Amino acid sequence: MTGPWAALRNARYAAPACVERIASGPGAEAAARRCLILARGGIAATVGYFQSSRARPEEIVEANRAVAALLAGAGPGVYLSVKAPPLRFDSARLRHVAEGGLALTFDAHAEKDADRTLAAAADLLDEFPGTGFALPARWRRSAADGARFRDGSARIRIVKGEWADPGGDVADVAANYVELAASLAGRGAPVAVATHDPDLAERALALLLEAGTPCELEQLRGLPSRRTAAVARRLGVPVRVYVPFGPGWWPYALDKALARPYLPAWMIRDRLGRP
């Protein structure tokens, strides 16, 4: 394909890499400051490091350790969200990150990485209670993964999922999201409902609450959250905010914004409280 549309397409995919070269994402100090501000307002935080495209595993470990050290006095409510593939699923590196003092929750990545990510979480659980992982609703395998960990102590974060199922996503991601919440309802370990869809949040949280499962609403900082936060308040559920930092954050955020042309309208509707 040639011509102006091809040029626009190429510019769209080149933009995140350009941003990485010229703009530095928020650092550990800024992220820790934001987490402490949230804590003073009664809101827990998950802090997640976004590495540069050229980062070595040792750099990623040190960045996670640095933010953990800054948040050492923030209380037990702060979690560290870790990406296992850039650390090559190395148990020594992951253990070193966990020794920083913050409980770890593993982010979901491509479906091909799921087995090794879940194994990494399971390996750390006995030594580091509170370790958890994300469960993507778009994957067909997630029902079995949820059942496998349902009665254990791992913290589970239900997400719609960024990475597609290579065998084809489930037919209805929202319906599967609710089914996953229903299948986890009744467990004793916490479940985080990570969505900015107020209807989906209410349905999932209501199932967990009715079964007595400890749960919370998790929101990504920067995305519209007024309507979902209102649902959490009405249900009496705590809110957690995912605070990203690191040199890879702005490229990632730009890439997702370019993939969501509806985002400005979504933000306006959220501000106005409209569906």
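The values are calculated or read from the model by the stated rules, or taken from the named source; none is laboratory data. Source: prediction; values computed, not measured. Neighbour counts run over all protein chains shown; Cβ positions are idealised from the backbone, glycine included. The accessibility values were calculated without ligands, DNA or RNA, using every heavy atom of the protein model including side chains. Shrake-Rupley method; radii C 1.70, N 1.55, O 1.52, S 1.80 Å.
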Spot the failing condition for Asp145; the list is (1) farther than 16 Å from Ala108 by Cα; (2) of a type outside the set (A, V, I, L, M, F, W, C); (3) surrounded by 15 or more Cβ atoms within 10 Å (Cβ to Cβ), and only one is missed. (1)
State the number of residues belonging to segment 22-65 that are under 24 Å from Arg88 (Cα atoms) and basic (Lys, Arg). 3
Taking segment 113-135 and keeping only residues that are more than 16 Å from Ile156 (Cβ to Cβ) and in a helix (DSSP H, G or I), one is left with Asp113, Asp115, Arg116, Asp123
Does Asp172 satisfy the condition of being open to solvent by 40 Å² or more (accessible area, probe 1.4 Å), out of contact with any strand residue (DSSP E or B) (no Cβ under 7 Å at 6 or more places or on another chain), free of Cβ contacts under 8 Å to residues at least 12 places away in the same chain and under 22 Å from Val78 (Cα atoms)? no
Is it the case, given these coordinates, that Arg54 is farther than 23 Å from Phe133 by Cβ and either among the charged types (D, E, K, R) or at pLDDT below 65 (or both)? yes
Apart from one, (1) under 25 Å from Val67 (Cα atoms); (2) in contact with an Asp or Glu (Cβ under 9 Å, 6 or more places away or on another chain); (3) among the charged types (D, E, K, R) all hold for Glu218; the odd one out is (2)
Inside segment 59-79, can you point out the residues that are under 12 Å from Ala28 (Cβ atoms), more than 18 Å from the chain's Cα centre (by Cα) and in contact (Cβ under 8 Å) with a residue 24 or more places away in the chain? Arg65, Ala66, Ala69, Leu70, Leu71
Just a yes or no: is a residue in segment 6-24 among the aliphatic types (A, V, I, L, M), surrounded by 13 or more Cβ atoms within 10 Å (Cβ to Cβ), assigned to a helix (DSSP H, G or I) and at pLDDT 95 or above? no
Positions within segment 90-119 being hydrophobic (A, V, I, L, M, F, W, C) and surrounded by fewer than 17 Cβ atoms within 10 Å (Cβ to Cβ), in sequence order: Ala92, Ala110, Ala119
Boolean, Leu80 is open to solvent by less than 10 Å² (accessible area, probe 1.4 Å), touching a helix residue (DSSP H, G or I) at 6+ places or on another chain (Cβ under 7 Å) and at pLDDT 95 or above: yes
Do you know which residues across segment 32-52 are in contact with a helix residue (DSSP H, G or I) (Cβ under 6 Å, 6 or more places away or on another chain) and either aromatic (Phe, Trp, Tyr) or on the phi > 0 side of the Ramachandran plot (or both)? Tyr49, Phe50
With the requirement that a residue be within 16 Å of the chain's Cα centre (by Cα) and part of a loop (DSSP other than H, G, I, E, B), what does segment 165-209 give you? Pro190, Thr195, His196, Asp197
Search segment 126-138 for residues being over 21 Å from Ser183 (Cα atoms) and at pLDDT 95 or above, and hand back the single one that is surrounded by the most Cβ atoms within 10 Å (Cβ to Cβ). Phe128
Quick check, is Gly101 closer than 17 Å to Ala28 by Cβ and part of a loop (DSSP other than H, G, I, E, B)? yes
